[in-house]
1. Considering only the other residues whose Cβ falls under 13 Å of the Cβ of L36, what net charge follows from Lys and Arg at +1 and Asp and Glu at -1?
2. Mind listing the long-range amide H neighbours of V77? Cut-off is under 5 Å, sequence gap 5 or more, other chains count too, H placed in the peptide plane at 1.01 Å from N.
3. Lys pairs in the chain, Cα-Cα under 22 Å, at least 8 apart or on separate chains: how many?
4. Rounded to the nearest 0.05, what FRET efficiency do N16 and E40 give with R0 = 25 Å and r taken as the Cβ-Cβ distance? Could you check?
5. So if I take the centroid of the Cα atoms in segment 91-117 and the same for segment 1-53, what is the distance between those two points in Å?
6. Please find, in a Gaussian network model of the chain (springs between Cα atoms separated by less than 10 Å), the residue of K28, K46, K71 whose mean-square fluctuation is greatest.
7. With no solvent and one equal point scatterer placed on each C-alpha of the chain, evaluate the Debye formula and give log10 I(q)/I(0) for q = 0.12, 0.14, 0.17, 0.21 Å⁻¹, two decimals.
8. Hey, rough spin-label estimate for K3 and K28, points 7 angstrom out along Cα→Cβ, what's it come to in nanometres?
Amino acid sequence: MGKLVDEFNAYRAKMNEKILASDNKVMKRIYSLDTLTYQEGALSTKVKEMLGLATSMVLRCDDCVKYHLEKCYEQGVTTEEIFELFGVANLVGGTIVIPHTRRAVEYWEELNNSPLN
């Protein structure tokens, strides 16, 4: 992948390791609940990751947006689907979401190893 993706994943892994090494029961349970939430169920993992991405955009969490973009990529979400999702997130979240959309497009391009035209 590209530099943005590599740096984000390296930092995330390093810090998650430190957090989990604290052996804090609440933090471990939160991490476990997060993992369980995105497993296949009545909703597919793909749909759950798309929901995670849309809600992360509305909440304006760039780290969460990057994480869910990568998961969406792994689930085979298309660029067309991503842009429809961006439309929903911007409608619900308002124009304050636009800067996060810009960064999301940049990250999505890097995941796909090609600029969008």
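1. After counting each charged neighbour, the total is +1.
2. none
3. Close lysine pairs under the 22 Å cut-off: 16.
4. 0.65
5. Rounded to whole Å, the Cα centres lie 20 Å apart.
6. Looking only at K28, K46, K71, the largest GNM fluctuation is found for K28.
7. So the normalised log intensities work out to -0.46, -0.62, -0.90, -1.24.
8. 3.9 nm
All of the numbers you see were taken from the coordinates with simple rules; none came from a lab. In this text the structure is predicted, and so the values were computed from the model without any measurement. Neighbour counts run over all protein chains shown; Cβ positions are idealised from the backbone, glycine included.
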